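Input: a single structure, listed below in C-alpha coordinates.
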Amino acid sequence: MLLEELIKPLKPVCITGTTAGIEISDLVCDSRHMVKGAMFVAVRGVAVDSHKFIPQVVADGAASVVCEQLPEEVAGNVCYIVVENSTNALALLASAWNGYPSEKLQLVGVTGTNGKTTTATLLYEMAQLLGYKAGLISTVRNIVDKTVIHTEQTTPDPLTLNRLLRQMVEAGCSYAFMEVSSHACVQHRIDGLKFKGGIFSNLTRDHLDFHKTVENYINAKKSFFDGLPADAFALVNIDDKVGTVMVQNTKAHKYTYSLRSMADFKGKIIESRLNGTLLSINGKEIEVLFTGRFNAYNLTAVYGASLLLGFPEEEVAVKMSMLVPVAGRFQTLLSPRGYTAIIDYAHTPDALINVLNAIREVTGTRGKIITVVGAGGNRDKGKRPIMAKEAATRSDRLILTSDNPRFEDPEEILHDMEAGLDEEARRHTLKITDRREAIKAATCFAEPGDVVLIAGKGHEDYQEIKGVKHHFDDKEVVETLFEDEKR
(Lines give C-alpha, C1' and ligand atoms only; values in the text may rest on other atoms or scores of the structure.)
Protein backbone atom coordinates (compact mmCIF):
# COMPACT_ATOMS: atom_id res chain seq x y z
CA MET A 1 0.00 0.00 0.00
CA LEU A 2 1.34 3.44 -0.84
CA LEU A 3 2.41 5.44 2.20
CA GLU A 4 0.49 8.52 1.07
CA GLU A 5 -2.72 6.48 0.93
CA LEU A 6 -2.11 4.69 4.23
CA ILE A 7 -1.63 7.85 6.30
CA LYS A 8 -4.73 9.68 5.02
CA PRO A 9 -6.66 9.10 8.31
CA LEU A 10 -3.84 10.68 10.36
CA LYS A 11 -3.33 14.29 11.37
CA PRO A 12 0.48 14.38 11.71
CA VAL A 13 2.22 16.94 13.89
CA CYS A 14 5.06 16.85 11.38
CA ILE A 15 6.58 14.63 8.70
CA THR A 16 10.33 14.18 8.31
CA GLY A 17 11.34 12.67 4.98
CA THR A 18 9.35 12.09 1.84
CA THR A 19 6.06 10.19 1.48
CA ALA A 20 6.00 10.28 -2.32
CA GLY A 21 6.13 6.92 -4.09
CA ILE A 22 6.96 4.88 -0.98
CA GLU A 23 5.24 1.50 -0.88
CA ILE A 24 4.66 -0.07 2.53
CA SER A 25 5.04 -3.86 2.72
CA ASP A 26 3.48 -4.37 6.17
CA LEU A 27 2.19 -2.58 9.25
CA VAL A 28 3.75 -3.62 12.57
CA CYS A 29 3.88 -2.40 16.16
CA ASP A 30 6.12 -5.18 17.51
CA SER A 31 9.79 -4.77 16.54
CA ARG A 32 10.18 -8.58 16.53
CA HIS A 33 7.83 -8.73 13.53
CA MET A 34 9.66 -6.13 11.47
CA VAL A 35 10.14 -6.90 7.76
CA LYS A 36 11.91 -4.85 5.11
CA GLY A 37 9.77 -2.01 3.77
CA ALA A 38 7.27 -2.09 6.65
CA MET A 39 5.82 0.79 8.66
CA PHE A 40 6.62 0.62 12.38
CA VAL A 41 4.27 2.30 14.85
CA ALA A 42 6.03 3.11 18.14
CA VAL A 43 3.50 2.79 20.96
CA ARG A 44 3.93 3.78 24.59
CA GLY A 45 2.57 0.65 26.29
CA VAL A 46 1.86 -0.04 29.96
CA ALA A 47 5.05 -2.09 30.36
CA VAL A 48 7.21 -1.08 27.36
CA ASP A 49 7.73 2.10 25.35
CA SER A 50 8.54 0.85 21.87
CA HIS A 51 10.06 4.21 20.88
CA LYS A 52 13.32 2.73 22.16
CA PHE A 53 13.20 0.14 19.36
CA ILE A 54 13.12 2.72 16.54
CA PRO A 55 16.89 2.49 15.76
CA GLN A 56 16.58 -1.30 15.63
CA VAL A 57 13.62 -1.35 13.19
CA VAL A 58 15.32 1.26 10.99
CA ALA A 59 18.38 -1.02 10.85
CA ASP A 60 16.05 -3.90 9.95
CA GLY A 61 14.71 -2.02 6.93
CA ALA A 62 11.68 -0.03 8.08
CA ALA A 63 10.44 2.30 5.32
CA SER A 64 8.45 4.53 7.68
CA VAL A 65 8.13 5.12 11.42
CA VAL A 66 5.12 6.59 13.22
CA CYS A 67 6.05 8.01 16.62
CA GLU A 68 5.22 10.65 19.20
CA GLN A 69 8.83 11.84 19.42
CA LEU A 70 11.60 11.73 16.84
CA PRO A 71 14.69 9.67 17.74
CA GLU A 72 18.00 11.46 18.30
CA GLU A 73 19.31 10.15 14.98
CA VAL A 74 17.08 10.40 11.91
CA ALA A 75 17.86 8.14 8.94
CA GLY A 76 17.66 9.86 5.58
CA ASN A 77 16.00 6.93 3.82
CA VAL A 78 13.11 6.63 6.30
CA CYS A 79 9.91 8.70 6.49
CA TYR A 80 9.14 9.67 10.12
CA ILE A 81 5.58 10.68 10.92
CA VAL A 82 5.13 12.37 14.28
CA VAL A 83 1.65 12.20 15.83
CA GLU A 84 0.13 13.32 19.12
CA ASN A 85 -0.97 9.82 20.12
CA SER A 86 0.58 6.80 18.46
CA THR A 87 -1.89 4.29 19.95
CA ASN A 88 -4.72 6.20 18.28
CA ALA A 89 -2.65 6.39 15.08
CA LEU A 90 -2.09 2.61 15.17
CA ALA A 91 -5.86 1.98 15.27
CA LEU A 92 -6.53 4.38 12.38
CA LEU A 93 -3.69 2.89 10.33
CA ALA A 94 -4.86 -0.67 11.07
CA SER A 95 -8.30 0.19 9.76
CA ALA A 96 -6.86 1.76 6.60
CA TRP A 97 -4.40 -1.11 6.06
CA ASN A 98 -7.26 -3.63 6.14
CA GLY A 99 -9.50 -1.63 3.81
CA TYR A 100 -11.79 -0.06 6.46
CA PRO A 101 -13.59 -3.37 7.18
CA SER A 102 -15.93 -2.01 9.88
CA GLU A 103 -17.58 0.21 7.25
CA LYS A 104 -18.56 -2.92 5.29
CA LEU A 105 -20.22 -4.62 8.28
CA GLN A 106 -23.11 -3.91 10.63
CA LEU A 107 -20.84 -3.77 13.70
CA VAL A 108 -22.37 -3.79 17.17
CA GLY A 109 -20.32 -3.30 20.34
CA VAL A 110 -21.36 -4.46 23.81
CA THR A 111 -19.87 -2.85 26.91
CA GLY A 112 -20.50 -3.06 30.66
CA THR A 113 -19.04 -4.93 33.63
CA ASN A 114 -21.10 -8.11 33.30
CA GLY A 115 -23.04 -9.66 30.42
CA LYS A 116 -20.81 -8.58 27.53
CA THR A 117 -19.85 -12.08 26.43
CA THR A 118 -23.36 -13.51 26.70
CA THR A 119 -25.02 -10.59 24.89
CA ALA A 120 -22.49 -10.44 22.04
CA THR A 121 -22.48 -14.22 21.58
CA LEU A 122 -26.27 -14.49 21.57
CA LEU A 123 -26.53 -11.73 18.98
CA TYR A 124 -24.08 -13.68 16.82
CA GLU A 125 -26.17 -16.83 17.32
CA MET A 126 -29.36 -14.91 16.51
CA ALA A 127 -27.92 -13.65 13.21
CA GLN A 128 -26.76 -17.15 12.30
CA LEU A 129 -30.16 -18.69 13.16
CA LEU A 130 -31.84 -16.11 10.96
CA GLY A 131 -29.63 -17.16 8.04
CA TYR A 132 -27.14 -14.29 8.06
CA LYS A 133 -23.37 -14.69 8.02
CA ALA A 134 -21.87 -13.00 11.08
CA GLY A 135 -18.70 -12.70 13.11
CA LEU A 136 -17.99 -12.59 16.85
CA ILE A 137 -15.17 -11.05 18.89
CA SER A 138 -15.41 -12.06 22.55
CA THR A 139 -13.62 -13.13 25.72
CA VAL A 140 -14.43 -16.78 25.07
CA ARG A 141 -13.76 -17.02 21.33
CA ASN A 142 -13.54 -15.14 18.05
CA ILE A 143 -15.59 -16.50 15.15
CA VAL A 144 -15.44 -15.63 11.45
CA ASP A 145 -18.76 -16.94 10.11
CA LYS A 146 -18.40 -20.49 11.51
CA THR A 147 -14.60 -20.65 11.86
CA VAL A 148 -13.46 -20.39 15.49
CA ILE A 149 -10.24 -18.49 16.18
CA HIS A 150 -8.37 -18.56 19.51
CA THR A 151 -8.56 -15.43 21.64
CA GLU A 152 -6.56 -14.12 24.59
CA GLN A 153 -8.03 -10.64 25.03
CA THR A 154 -11.60 -9.40 25.44
CA THR A 155 -10.94 -6.76 22.79
CA PRO A 156 -7.85 -7.52 20.66
CA ASP A 157 -5.16 -5.00 19.71
CA PRO A 158 -6.04 -2.82 16.68
CA LEU A 159 -4.02 -4.86 14.18
CA THR A 160 -5.61 -8.15 15.24
CA LEU A 161 -9.05 -6.58 15.54
CA ASN A 162 -9.09 -5.04 12.07
CA ARG A 163 -7.60 -8.20 10.57
CA LEU A 164 -10.48 -10.20 12.08
CA LEU A 165 -13.02 -7.74 10.72
CA ARG A 166 -11.40 -7.93 7.28
CA GLN A 167 -11.61 -11.74 7.41
CA MET A 168 -15.31 -11.43 8.23
CA VAL A 169 -15.84 -9.21 5.20
CA GLU A 170 -13.92 -11.63 2.99
CA ALA A 171 -16.03 -14.52 4.36
CA GLY A 172 -19.20 -12.70 3.30
CA CYS A 173 -20.36 -11.67 6.78
CA SER A 174 -22.96 -8.91 6.99
CA TYR A 175 -22.87 -8.50 10.79
CA ALA A 176 -20.22 -8.48 13.51
CA PHE A 177 -20.70 -8.44 17.27
CA MET A 178 -17.94 -7.63 19.71
CA GLU A 179 -17.24 -7.04 23.36
CA VAL A 180 -15.83 -3.58 24.02
CA SER A 181 -13.77 -3.59 27.21
CA SER A 182 -12.98 -0.50 29.25
CA HIS A 183 -9.27 -1.16 28.60
CA ALA A 184 -9.93 -1.10 24.85
CA CYS A 185 -11.63 2.29 25.12
CA VAL A 186 -8.80 3.88 27.11
CA GLN A 187 -6.09 2.26 25.00
CA HIS A 188 -7.68 3.42 21.70
CA ARG A 189 -8.05 -0.14 20.35
CA ILE A 190 -11.46 0.65 18.81
CA ASP A 191 -10.52 4.04 17.35
CA GLY A 192 -11.34 4.26 13.66
CA LEU A 193 -14.08 1.62 13.76
CA LYS A 194 -17.58 2.47 12.51
CA PHE A 195 -20.25 1.00 14.77
CA LYS A 196 -23.85 0.44 13.78
CA GLY A 197 -24.84 0.16 17.43
CA GLY A 198 -23.69 0.04 21.03
CA ILE A 199 -25.19 -1.78 24.03
CA PHE A 200 -24.61 -1.01 27.72
CA SER A 201 -25.34 -3.83 30.18
CA ASN A 202 -24.41 -2.57 33.66
CA LEU A 203 -21.56 -1.15 35.69
CA THR A 204 -20.19 -2.46 38.97
CA ARG A 205 -16.78 -2.54 40.59
CA ASP A 206 -14.06 -4.08 38.41
CA HIS A 207 -10.62 -3.29 36.98
CA LEU A 208 -9.82 -0.60 39.56
CA ASP A 209 -6.25 -1.88 39.52
CA PHE A 210 -6.13 -0.32 36.04
CA HIS A 211 -8.61 2.57 36.16
CA LYS A 212 -7.85 3.56 39.80
CA THR A 213 -11.27 5.18 40.38
CA VAL A 214 -14.89 4.28 39.60
CA GLU A 215 -15.25 7.64 37.82
CA ASN A 216 -12.41 6.74 35.45
CA TYR A 217 -14.04 3.37 34.84
CA ILE A 218 -17.40 5.00 34.05
CA ASN A 219 -15.77 7.52 31.72
CA ALA A 220 -13.94 4.73 29.87
CA LYS A 221 -17.24 2.98 29.12
CA LYS A 222 -18.98 6.26 28.31
CA SER A 223 -16.33 7.20 25.76
CA PHE A 224 -17.54 4.32 23.57
CA PHE A 225 -21.01 5.87 23.34
CA ASP A 226 -19.56 9.37 22.93
CA GLY A 227 -17.89 8.11 19.76
CA LEU A 228 -20.92 6.47 18.13
CA PRO A 229 -22.02 8.12 14.87
CA ALA A 230 -25.41 9.78 14.39
CA ASP A 231 -26.78 6.89 12.29
CA ALA A 232 -26.02 4.30 15.00
CA PHE A 233 -28.19 3.13 17.90
CA ALA A 234 -27.31 3.23 21.60
CA LEU A 235 -29.26 0.68 23.66
CA VAL A 236 -28.82 1.04 27.43
CA ASN A 237 -30.06 -0.68 30.57
CA ILE A 238 -31.93 2.07 32.44
CA ASP A 239 -32.26 -0.08 35.56
CA ASP A 240 -28.56 0.56 36.08
CA LYS A 241 -27.90 3.90 37.79
CA VAL A 242 -25.35 4.99 35.16
CA GLY A 243 -27.38 3.79 32.16
CA THR A 244 -28.57 7.27 31.23
CA VAL A 245 -25.11 8.73 31.97
CA MET A 246 -23.62 6.53 29.25
CA VAL A 247 -25.65 8.25 26.51
CA GLN A 248 -25.58 11.85 27.79
CA ASN A 249 -23.30 12.99 24.98
CA THR A 250 -23.90 10.42 22.27
CA LYS A 251 -24.96 11.41 18.77
CA ALA A 252 -26.57 7.99 18.26
CA HIS A 253 -30.31 7.25 18.47
CA LYS A 254 -31.09 6.36 22.09
CA TYR A 255 -33.09 3.30 23.14
CA THR A 256 -33.66 1.69 26.53
CA TYR A 257 -34.32 -1.74 28.00
CA SER A 258 -35.47 -2.66 31.49
CA LEU A 259 -37.02 -5.26 33.77
CA ARG A 260 -38.32 -2.68 36.26
CA SER A 261 -39.24 0.50 34.39
CA MET A 262 -41.04 1.66 31.28
CA ALA A 263 -38.65 1.22 28.38
CA ASP A 264 -38.47 0.65 24.64
CA PHE A 265 -37.84 -3.02 25.39
CA LYS A 266 -39.42 -4.29 28.61
CA GLY A 267 -38.61 -7.74 29.96
CA LYS A 268 -40.35 -9.69 32.71
CA ILE A 269 -39.63 -13.05 34.34
CA ILE A 270 -42.82 -15.12 34.52
CA GLU A 271 -41.37 -18.44 35.71
CA SER A 272 -37.81 -19.50 36.48
CA ARG A 273 -36.06 -22.89 36.78
CA LEU A 274 -32.41 -23.99 36.98
CA ASN A 275 -32.53 -25.02 33.32
CA GLY A 276 -34.67 -22.26 31.85
CA THR A 277 -37.06 -19.33 32.18
CA LEU A 278 -40.44 -18.27 30.82
CA LEU A 279 -39.75 -14.68 29.84
CA SER A 280 -42.01 -11.92 28.54
CA ILE A 281 -40.48 -9.20 26.33
CA ASN A 282 -42.76 -6.41 25.13
CA GLY A 283 -45.71 -8.66 25.88
CA LYS A 284 -44.42 -11.70 23.96
CA GLU A 285 -43.97 -14.85 26.06
CA ILE A 286 -40.76 -16.71 25.21
CA GLU A 287 -39.37 -19.92 26.74
CA VAL A 288 -35.58 -19.59 27.00
CA LEU A 289 -32.78 -21.94 28.10
CA PHE A 290 -31.36 -19.41 30.57
CA THR A 291 -31.79 -18.77 34.29
CA GLY A 292 -31.57 -15.67 36.46
CA ARG A 293 -32.47 -12.03 36.40
CA PHE A 294 -29.08 -11.11 34.94
CA ASN A 295 -29.77 -13.36 31.96
CA ALA A 296 -33.23 -11.84 31.57
CA TYR A 297 -31.45 -8.48 31.11
CA ASN A 298 -29.05 -9.99 28.57
CA LEU A 299 -31.88 -11.56 26.58
CA THR A 300 -33.94 -8.37 26.61
CA ALA A 301 -30.91 -6.52 25.21
CA VAL A 302 -30.50 -9.19 22.53
CA TYR A 303 -34.16 -8.91 21.59
CA GLY A 304 -33.95 -5.10 21.42
CA ALA A 305 -30.73 -4.99 19.43
CA SER A 306 -32.07 -7.60 17.00
CA LEU A 307 -35.07 -5.43 16.21
CA LEU A 308 -32.91 -2.30 15.93
CA LEU A 309 -30.79 -4.15 13.37
CA GLY A 310 -33.95 -4.75 11.36
CA PHE A 311 -34.36 -8.46 12.06
CA PRO A 312 -38.04 -9.56 11.69
CA GLU A 313 -39.79 -9.33 15.08
CA GLU A 314 -41.77 -12.57 14.84
CA GLU A 315 -38.73 -14.54 13.72
CA VAL A 316 -36.61 -13.03 16.51
CA ALA A 317 -39.18 -14.14 19.10
CA VAL A 318 -39.11 -17.71 17.72
CA LYS A 319 -35.30 -17.89 17.55
CA MET A 320 -34.92 -16.60 21.14
CA SER A 321 -36.07 -20.01 22.40
CA MET A 322 -33.32 -21.68 20.32
CA LEU A 323 -30.45 -19.69 21.81
CA VAL A 324 -28.12 -21.69 24.08
CA PRO A 325 -26.00 -20.53 27.06
CA VAL A 326 -22.38 -19.53 26.50
CA ALA A 327 -19.73 -21.95 27.79
CA GLY A 328 -18.94 -21.21 31.43
CA ARG A 329 -21.90 -18.87 31.90
CA PHE A 330 -24.39 -20.47 34.32
CA GLN A 331 -23.47 -23.84 32.81
CA THR A 332 -25.61 -26.48 34.55
CA LEU A 333 -24.50 -30.09 35.10
CA LEU A 334 -26.64 -32.69 36.92
CA SER A 335 -24.80 -35.09 39.23
CA PRO A 336 -25.60 -38.83 39.27
CA ARG A 337 -26.22 -38.33 43.02
CA GLY A 338 -28.95 -35.77 42.39
CA TYR A 339 -27.30 -32.42 43.10
CA THR A 340 -26.61 -29.72 40.49
CA ALA A 341 -23.21 -28.20 39.67
CA ILE A 342 -23.17 -24.75 38.07
CA ILE A 343 -20.03 -23.35 36.44
CA ASP A 344 -19.97 -19.59 36.01
CA TYR A 345 -17.41 -16.92 35.11
CA ALA A 346 -18.61 -14.63 37.94
CA HIS A 347 -15.41 -12.90 39.07
CA THR A 348 -16.75 -9.62 40.45
CA PRO A 349 -18.88 -9.04 43.57
CA ASP A 350 -21.94 -8.04 41.52
CA ALA A 351 -21.67 -11.02 39.15
CA LEU A 352 -21.39 -13.36 42.14
CA ILE A 353 -24.45 -11.76 43.75
CA ASN A 354 -26.42 -12.14 40.51
CA VAL A 355 -25.61 -15.83 40.10
CA LEU A 356 -26.26 -16.72 43.74
CA ASN A 357 -29.52 -14.77 43.77
CA ALA A 358 -30.59 -16.55 40.58
CA ILE A 359 -29.94 -19.93 42.21
CA ARG A 360 -31.80 -18.99 45.39
CA GLU A 361 -34.77 -17.62 43.42
CA VAL A 362 -35.20 -21.06 41.86
CA THR A 363 -34.35 -23.34 44.79
CA GLY A 364 -35.98 -21.26 47.54
CA THR A 365 -35.50 -23.07 50.85
CA ARG A 366 -35.03 -26.44 49.14
CA GLY A 367 -31.43 -27.63 49.23
CA LYS A 368 -28.15 -25.96 50.20
CA ILE A 369 -25.95 -23.72 48.08
CA ILE A 370 -22.25 -24.63 48.30
CA THR A 371 -20.01 -22.04 46.65
CA VAL A 372 -16.41 -22.49 45.47
CA VAL A 373 -14.73 -19.20 44.56
CA GLY A 374 -11.36 -17.47 44.46
CA ALA A 375 -9.92 -14.20 43.17
CA GLY A 376 -7.30 -13.51 40.52
CA GLY A 377 -3.80 -12.49 41.50
CA ASN A 378 -2.21 -9.17 40.47
CA ARG A 379 -5.65 -7.62 39.99
CA ASP A 380 -7.99 -5.39 42.02
CA LYS A 381 -7.33 -6.46 45.62
CA GLY A 382 -10.17 -4.33 46.97
CA LYS A 383 -12.85 -6.64 45.59
CA ARG A 384 -11.49 -9.77 47.31
CA PRO A 385 -13.05 -9.32 50.78
CA ILE A 386 -16.26 -8.04 49.16
CA MET A 387 -16.57 -11.16 47.01
CA ALA A 388 -16.03 -13.45 50.00
CA LYS A 389 -18.57 -11.55 52.08
CA GLU A 390 -21.24 -11.63 49.37
CA ALA A 391 -20.63 -15.31 48.67
CA ALA A 392 -20.82 -16.21 52.35
CA THR A 393 -24.03 -14.20 52.83
CA ARG A 394 -25.78 -16.07 50.00
CA SER A 395 -24.34 -19.57 50.49
CA ASP A 396 -24.89 -22.29 53.07
CA ARG A 397 -21.24 -23.30 52.79
CA LEU A 398 -18.32 -21.41 51.25
CA ILE A 399 -15.00 -22.78 50.03
CA LEU A 400 -12.31 -20.20 49.20
CA THR A 401 -9.75 -21.44 46.71
CA SER A 402 -7.29 -20.41 44.00
CA ASP A 403 -8.35 -18.77 40.76
CA ASN A 404 -5.43 -17.54 38.65
CA PRO A 405 -2.87 -16.56 41.32
CA ARG A 406 -0.49 -15.29 38.62
CA PHE A 407 2.57 -13.96 40.47
CA GLU A 408 0.94 -13.70 43.91
CA ASP A 409 1.02 -16.22 46.75
CA PRO A 410 -2.36 -18.05 46.63
CA GLU A 411 -2.47 -18.17 50.42
CA GLU A 412 -2.20 -14.38 50.60
CA ILE A 413 -5.09 -13.99 48.17
CA LEU A 414 -7.25 -16.28 50.33
CA HIS A 415 -6.20 -14.29 53.39
CA ASP A 416 -7.38 -11.08 51.66
CA MET A 417 -10.72 -12.72 50.87
CA GLU A 418 -11.17 -14.11 54.38
CA ALA A 419 -10.76 -10.59 55.78
CA GLY A 420 -14.26 -9.83 54.50
CA LEU A 421 -15.87 -12.52 56.68
CA ASP A 422 -17.29 -12.05 60.16
CA GLU A 423 -17.04 -14.73 62.84
CA GLU A 424 -20.35 -16.35 61.89
CA ALA A 425 -19.41 -16.53 58.19
CA ARG A 426 -16.03 -18.09 58.99
CA ARG A 427 -17.78 -20.98 60.75
CA HIS A 428 -19.21 -22.23 57.45
CA THR A 429 -16.17 -21.34 55.32
CA LEU A 430 -13.21 -23.51 54.34
CA LYS A 431 -9.93 -22.47 52.70
CA ILE A 432 -8.61 -25.07 50.24
CA THR A 433 -5.84 -23.66 48.07
CA ASP A 434 -5.83 -26.49 45.53
CA ARG A 435 -8.80 -25.71 43.24
CA ARG A 436 -9.30 -29.33 42.20
CA GLU A 437 -9.49 -30.44 45.85
CA ALA A 438 -11.82 -27.53 46.65
CA ILE A 439 -14.26 -28.61 43.93
CA LYS A 440 -14.01 -32.22 45.09
CA ALA A 441 -14.76 -31.18 48.68
CA ALA A 442 -17.81 -29.19 47.56
CA THR A 443 -19.23 -32.19 45.70
CA CYS A 444 -18.60 -34.40 48.73
CA PHE A 445 -20.64 -32.03 50.92
CA ALA A 446 -23.49 -31.92 48.37
CA GLU A 447 -26.66 -33.93 48.86
CA PRO A 448 -29.60 -34.51 46.47
CA GLY A 449 -31.31 -31.19 45.72
CA ASP A 450 -28.25 -29.09 46.60
CA VAL A 451 -26.44 -26.73 44.20
CA VAL A 452 -22.67 -26.46 43.93
CA LEU A 453 -21.59 -23.16 42.36
CA ILE A 454 -18.05 -23.11 40.98
CA ALA A 455 -17.35 -19.47 40.21
CA GLY A 456 -14.62 -17.30 38.77
CA LYS A 457 -13.14 -19.13 35.79
CA GLY A 458 -16.08 -20.27 33.68
CA HIS A 459 -14.84 -21.00 30.14
CA GLU A 460 -11.14 -20.70 31.03
CA ASP A 461 -9.22 -23.96 30.59
CA TYR A 462 -6.07 -22.97 32.47
CA GLN A 463 -4.65 -21.75 35.76
CA GLU A 464 -1.94 -19.10 35.53
CA ILE A 465 0.75 -19.65 38.16
CA LYS A 466 4.08 -17.78 38.21
CA GLY A 467 3.71 -16.79 34.57
CA VAL A 468 2.92 -20.32 33.39
CA LYS A 469 -0.52 -21.45 32.18
CA HIS A 470 -1.35 -24.96 33.42
CA HIS A 471 -4.31 -26.81 31.92
CA PHE A 472 -7.28 -26.63 34.28
CA ASP A 473 -10.95 -26.76 33.33
CA ASP A 474 -13.66 -26.55 36.01
CA LYS A 475 -16.12 -28.42 33.80
CA GLU A 476 -13.65 -31.24 33.14
CA VAL A 477 -12.98 -31.58 36.88
CA VAL A 478 -16.71 -31.80 37.63
CA GLU A 479 -17.34 -34.33 34.87
CA THR A 480 -14.49 -36.52 36.16
CA LEU A 481 -15.98 -36.40 39.66
CA PHE A 482 -19.38 -37.34 38.22
CA GLU A 483 -17.79 -40.37 36.50
CA ASP A 484 -16.33 -41.42 39.86
CA GLU A 485 -19.81 -41.11 41.41
CA LYS A 486 -21.19 -43.63 38.91
CA ARG A 487 -18.69 -46.28 39.95
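The values are calculated or read from the model by the stated rules, or taken from the named source; none is laboratory data. Note that the structure is a prediction, hence the values are computed from the model and not measured. Don't worry about glycine lacking a Cβ; one is built from the backbone with ideal geometry, like all the others, and counts go over all protein chains shown. The area values use the complete protein model at the heavy-atom level, side chains included, leaving out ligands, DNA and RNA. Shrake-Rupley method; radii C 1.70, N 1.55, O 1.52, S 1.80 Å.
Per-residue counts of other Cβ atoms within 10 Å, averaged by peptide: what ranking do you get for 346-354, 445-453, highest first?
346-354, 445-453
Leaving ligands, DNA and RNA out of it, work out the accessible area of Cys173 with a 1.4 Å probe and give it in Å² to the nearest 10.
Per-residue accessible area (Cys173): approximately 10 Å².
Give the Rg/Rh ratio for the stretch 414-463, taking Rg as the radius of gyration of the Cα atoms and Rh as the Kirkwood radius, to two decimals.
Rg/Rh for the stretch 414-463 comes to 0.99.
Counting DSSP beta bridges with both partners in the stretch 388-487, what percentage is antiparallel, nearest 5?
Looking only at bridges with both residues in the stretch 388-487, the antiparallel portion is about 50 percent.
How much length, in nm to one decimal, is gained on full extension between Asp434 and Glu73, taken as 0.36 nm per residue of separation minus their Cα-Cα distance?
124.6 nm
Helix 349-363 sits at what angle to the longest principal axis of the chain, using alpha carbons and giving 0 to 90 degrees rounded to 10?
On a 0 to 90 degree scale, this one is about 40.
What is the pair-distance distribution P(r) of the stretch 18-175, computed from all Cα-Cα distances in 5 Å bins starting at 0, with each bin given as a whole percent?
2, 9, 16, 18, 16, 12, 11, 9, 5, 2, 1, 0
Label-point separation (nm) for His470 and Arg360, each offset 7 Å from Cα along Cα-to-Cβ?
Result: 3.4 nm between the two label points.
Could you state the per residue volume, in Å³, of the convex hull enclosing the Cα atoms of the stretch 360-451?
91
What are the ³J(HN,Hα) values, in whole Hz, obtained from phi via the Karplus relation 6.51 cos²θ - 1.76 cosθ + 1.60 with θ = phi - 60°, for each residue of the stretch 269-279 in sequence order, with x given for Gly and Pro?
So the Karplus estimates, Gly and Pro as x, are 7, 9, 8, 10, 9, 5, 10, x, 9, 8, 10 Hz.
Can you pull out the GluC sites (Glu not before Pro) in the stretch 29-118 whose DSSP state is coil and whose Cβ has at most 13 other Cβ atoms within 10 Å?
Glu72, Glu73, Glu84
Given the stretch 241-346, report the % of alpha carbon pairs whose separation exceeds 19 Å.
So the pairs more than 19 Å apart make up 50 percent of the total in the stretch 241-346.
At q = 0.13 Å⁻¹, what log₁₀ I(q)/I(0) does a Debye calculation on the Cα points of the stretch 157-237 give, no solvent, two decimals?
Log-scaled intensity ratios, in q order: -0.45.
Placing one identical point scatterer on every Cα of the stretch 17-75 and ignoring solvent, what is log10 I(q)/I(0) from the Debye formula at q = 0.13, 0.21, 0.26, 0.30 Å⁻¹?
-0.29, -0.75, -1.12, -1.40
Would you mind giving the average projected area, over all directions, of the Cα convex hull of the stretch 96-172 in nm² with one decimal?
4.9
Taking every DSSP beta bridge with both residues inside the chain, roughly what % is antiparallel (nearest 5)?
40
On the accessible surface of the stretch 46-186, probed at 1.4 Å, how many percent belong to carbon and sulfur atoms?
Carbon-and-sulfur percentage of accessible area, whole number: 47.
The stretch 105-204: which trypsin sites (Lys or Arg not before Pro) are DSSP loop and have at most 11 other beta-carbon atoms within 10 angstrom?
Sparse-neighbourhood loop trypsin sites (Lys or Arg not before Pro): Lys146.
Can you tell me which of 44-55, 175-186, 251-262 comes out highest on packing, and rank the rest after it, using the mean Cβ neighbours within 10 Å?
175-186, 251-262, 44-55
In Å, what Kirkwood hydrodynamic radius results for the chain from the alpha-carbon pair distances?
24.0
Given the C-alpha centroids of the stretch 128-176 and the stretch 270-343, what is the distance between them in whole angstrom?
Cα centroid to Cα centroid, the span is 23 Å.
Using a basic spin-label model with each label point 7 Å from the Cα along Cα→Cβ, how many nm lie between Arg32 and Ile15?
3.3
Per residue, how large is the accessible surface of the chain? Use a 1.4 angstrom probe and give square angstrom.
The answer is 42 Å² per residue.
Once amide H atoms are built 1.01 Å from N in the peptide plane, which residues 5 or more positions from Ile286, or in another chain, come under 5 Å H to H?
Hits under the 5 Å cutoff: Leu279, Ser280, Ile281.
Could you give P(r) for the stretch 193-287, binned at 5 Å from zero, as whole percent values over all Cα-Cα pairs?
Pair shares across the bins are 3, 13, 19, 17, 17, 13, 10, 6, 1.
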